[in-house]
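For reference, the structure discussed in these notes is given below.
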């Protein structure tokens, strides 16, 4: 849901701001969002039940950590780079 709101509202507004660096970074974040969305879909398909998790708990934990690590990097980039750049452009 959060990624969908960014794709539909935030990213188009930032891309239209007129700053080339912000537009480029926004596109990178959009691409990254698509990858996280697809990784989440694949995870749900691979691990649809408690039984599938119990069959390979170590694999489940490893894959979950990878997904969460990617999400953590994405959030940090969004908070520390994208939004601060958007604020700078918005204040000009």
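The values are calculated or read from the model by the stated rules, or taken from the named source; none is laboratory data. None of the values given here were measured: they were computed from a predicted structure. Cβ placement follows ideal geometry from the backbone for every residue including glycine, while neighbour counts extend to all protein chains displayed.
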The conditions are (1) at positive phi; (2) part of a helix (DSSP H, G or I), and residue 18 fails exactly one of them. Which is it?
(2)
With the requirement that a residue be loosely packed, with under 12 Cβ neighbours inside 10 Å, modelled with pLDDT under 95 and over 24 Å from residue 17 (Cα atoms), what does region 47-92 give you?
68, 69, 72
